[in-house]
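**Q** Input: one structure, supplied below.
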Amino acid sequence: GAVVSQHPSRVICKSGTSVKIECRSLDFQATTMFWYRQFPKQSLMLMATSNEGSKATYEQGVEKDKFLINHASLTLSTLTVTSAHPEDSSFYICSARALAMTSDTQYFGPGTRLTVL
Amino acid sequence: AQKVTQAQTEISVVEKEDVTLDCVYETRDTTYYLFWYKQPPSGELVFLIRRNSFDEQNEISGRYSWNFQKSTSSFNFTITASQVVDSAVYFCALSEEGDDKIIFGKGTRLHILP
């Protein structure tokens with residue numbers, strides 16, 4: 001149980017295009033989903049927290065207009081990187097917290113590797 | 001403020017040796033959670049352990065063991081009889097009660113040499 005998937009696993013796009021990454025909880029309902037970014041050989045940095053049906057909360061320094069997050073249902077959150085540039089190339093990982101779970105219980109997706117040319 | 005320090009950036013050991021990965025944390029909360037994750041080259045995070053702040057018992061799971069010491073704010077991870085498949089980046093992480101965030105350390109890249 002507690003499986004989180006991400007799609008796509010890998011994407012290459014041209015500079016200036018927008019890319020959407022999906023995060024799904026497959027066998028549980030996730031009231032809260034989290035988006036992390038990991039640059040090569042670096043740690044995971046939390047970008048934003050999204051709650052189903054409400055606006056996402058962004059961490060300091062993360063541009064909300066550039067990284068659009070939509071958590072439209074209890075099993076799906078999407079991250080759209082708008083007008084992507086090479087510096088947005090990174091490994092994006094989502095995690096999900098199940099209904100009624102404490103804050104420490106997050107299940108991580110397998111990640112999406114974004115390369116912007 | 002929360003902080004997790006993994007002072008060892010990279011470690012290389014020969015297969016079958018024991019290796020300990022250090023983790024020191026900072027928090028003002030009395031209730032918090034500590035984690036270790038493994039990240040192999042594929043990138044996927046593999047959950048290894050979660051420990052709450054009230055449980056200071058050391059834990060052993062096969063070749064893995066964890067030493068939690070509140071007095072020194074440390075949560076060290078030891079792999080005994082290391083194997084090549086243990087090669088990965090290992091992250092220590094911290095979450096405070098009532099806070100959504102999991103704060104990750106910078107990770108320790110472990111190389112197990114055959």
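The values are calculated or read from the model by the stated rules, or taken from the named source; none is laboratory data. All values derive from a computational prediction rather than experimental measurement. Because the Cβ atoms are built from the backbone with ideal geometry, glycine has one as well, and the counts that use them run over all protein chains shown. The area values use the complete protein model at the heavy-atom level, side chains included, leaving out ligands, DNA and RNA. Shrake-Rupley method; radii C 1.70, N 1.55, O 1.52, S 1.80 Å.
**Q** Could you figure out which of (1) within 13 Å of chain A (Cβ to nearest Cβ); (2) in contact with a strand residue (DSSP E or B) (Cβ under 9 Å, 6 or more places away or on another chain) isn't true of B:Asp22?
**A** Checking B:Asp22 against (1) within 13 Å of chain A (Cβ to nearest Cβ); (2) in contact with a strand residue (DSSP E or B) (Cβ under 9 Å, 6 or more places away or on another chain), the one that fails is (1).
**Q** Any residue in the stretch B:71-88 that is in contact (Cβ under 8 Å) with a residue 24 or more places away in the chain and charged (D, E, K, R)?
**A** yes
**Q** Ok, one more. Here are the criteria: (1) hydroxyl-bearing (Ser, Thr, Tyr); (2) modelled with pLDDT of 95 or more; (3) at negative phi; (4) surrounded by 13 or more Cβ atoms within 10 Å (Cβ to Cβ). Tell me which single one B:Thr9 does not satisfy.
**A** Among (1) hydroxyl-bearing (Ser, Thr, Tyr); (2) modelled with pLDDT of 95 or more; (3) at negative phi; (4) surrounded by 13 or more Cβ atoms within 10 Å (Cβ to Cβ), the lone unmet condition for B:Thr9 is (4).
**Q** Looking only at strands (runs of 3 or more DSSP E) that fall completely inside the stretch B:21-113, which ones have 2 or more residues that are open to solvent by less than 40 Å² (accessible area, probe 1.4 Å) and of a type outside the set (Phe, Trp, Tyr)?
**A** B:32-39, B:46-52, B:74-79, B:88-96, B:108-113
**Q** Separate question: Only one of B:Ser73, B:Ser87 is on the phi < 0 side of the Ramachandran plot and more than 8 Å from chain A (Cβ to nearest Cβ). Can you tell me which?
**A** Sole residue among the options that is on the phi < 0 side of the Ramachandran plot and more than 8 Å from chain A (Cβ to nearest Cβ): B:Ser87.
**Q** Could you count how many residues in the stretch A:23-40 are more than 17 Å from A:Glu87 (Cβ to Cβ) and open to solvent by 50 Å² or more (accessible area, probe 1.4 Å)?
**A** 4
**Q** Of these, A:Gly111, A:Gly53, which one is in contact with a Phe, Trp or Tyr (Cβ under 7 Å, 6 or more places away or on another chain) and of a type in the set (Gly, Ala, Ser)?
**A** Unique residue meeting the criteria: A:Gly111.
**Q** Considering the stretch A:41-65 alone, what residues qualify as being in contact with a strand residue (DSSP E or B) (Cβ under 8 Å, 6 or more places away or on another chain) and open to solvent by 30 Å² or more (accessible area, probe 1.4 Å)?
**A** Across the stretch A:41-65, the qualifying residues are A:Lys41, A:Met45, A:Asn51, A:Glu52, A:Gly53, A:Ser54, A:Thr57, A:Tyr58, A:Glu59, A:Lys64.
**Q** Further, regarding this structure: Is it the case that the stretch B:52-68 has a residue that's under 20 Å from A:Ala96 (Cα atoms) and at pLDDT below 95?
**A** Yes, the stretch B:52-68 contains at least one residue that is under 20 Å from A:Ala96 (Cα atoms) and at pLDDT below 95.
**Q** Let me ask you something else. Given the criterion under 30 Å from B:Gln8 (Cβ atoms) and either within 11 Å of chain B (Cβ to nearest Cβ) or of a type outside the set (Lys, Arg) (or both), identify the matching residue among A:Cys94, A:Cys23.
**A** None of the other options fit; the residue is A:Cys94.
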